[in-house]
Amino acid sequence: MKCKILTLLLLVCAGYSFAQNRIGLELGAGRPTFSNGANSSVAVPEYNVRYTLTGDFYYLRRVAHHWYLGANAGFEQYSFEYEKRVPDATNSGVVGTNVIHKSSYVHFAPTIDLGVGKFREYLHFYAFASIGFKVSGDQTTREYHTSSFTGGILPLYDSTYASGYRVNPVALRFGFGLKQHFPLTKTWQATINEGFSFMPAGDLSQPDATAGANFHPGYLTLTFGVMHKFKDTYRRERDK
């Protein structure tokens with residue numbers, strides 16, 4: 001039994017000797033992406049998206065040659081306007097929906113990272129799965145129906161109401177990205193990070209508050225930051 005315990009301790013210590021810890025902080029801009037663009041016909045949804053602030057704090061630990069496991073915590077914001085107008089052939093009018101959405105989430109994500117390069121891993125690919133919790137949700141919904149007649153447009157109904165209470169409290173995302181490292185000192189590096197994530201299930205808002213529209217956008221990010229690399233104690237480890 002003592003021999004087994006000693007062997008286990010040696011294996012754990014060996015794992016730590018190979019490990020290389022990294023921590024980093026990144027800030028930048030993000031924007032949601034939708035399958036329908038801003039230039040679309042009257043019967044197709046139109047989206048007007050805006051850039052917002054996003055950022056992450058992350059920790060990575062080397063588990064094998066070029067491979068890292070870790071997690072990040074950060075925040076992301078969404079800001080966009082949705083518009084859909086469908087012609088009403090019976091009265092030459094339009095049935096329309098307009099939604100103005102602004103929300104923000106803090107998220108936590110386990111991450112897997114692959115460094116590229118024989119000795120100096122200045123290029124990294126990564127993938128993650130995150131869960132986000134709502135910090136704020138501001139949304140306004142307008143639904144209207146108009147009828148054209150000689151000399152003007154007659155509103156059959158026009159209703160505008162605050163629907164922020166229908167913004168979902170949790171957002172699930174999967175993503176991947178590419179990160180470039182630029183050495184500043186032996187243990188500090190500047191980073192540029194280009195990422196993309198998507199929502200495989202769920203929406204940012206309940207569809208009953210958006211006239212049935214489903215908001216599960218992709219999310220593009222461009223961030224800049226710094227990364228600190230802990231000194232590796234393994235005697236064969238070379239500077240990266």
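Counting only residues that are without any contact (Cβ under 8 Å) to a residue 60 or more places away in the chain and under 22 Å from Ser35 (Cα atoms), which one in region 54-93 is surrounded by the most Cβ atoms within 10 Å (Cβ to Cβ)? So the residue we want is Gln77.
Annotation note: of Phe224, Phe174, the sole residue that is at pLDDT 95 or above, assigned to a strand (DSSP E or B) and in contact with a Pro (Cβ under 7 Å, 6 or more places away or on another chain) is Phe174.
Kindly evaluate Ser197 against the criterion of being surrounded by fewer than 16 Cβ atoms within 10 Å (Cβ to Cβ), assigned to a strand (DSSP E or B) and of a type outside the set (Val, Ile, Thr). Walk me through it before giving the result.
Values: surrounded by fewer than 16 Cβ atoms within 10 Å (Cβ to Cβ): no; assigned to a strand (DSSP E or B): yes; of a type outside the set (Val, Ile, Thr): yes.
Taking the combined requirement at face value, the residue does not satisfy it.
Of all residues in region 108-125 being among the aliphatic types (A, V, I, L, M) and loosely packed, with under 15 Cβ neighbours inside 10 Å, which is modelled with the lowest pLDDT? Out of the qualifying residues, it is Val116.
The values are calculated or read from the model by the stated rules, or taken from the named source; none is laboratory data. Computed from a predicted model, the values in this text were never measured in an experiment. In this analysis, Cβ positions are derived from the backbone assuming ideal geometry, glycine residues included, and neighbour counts consider all displayed protein chains.
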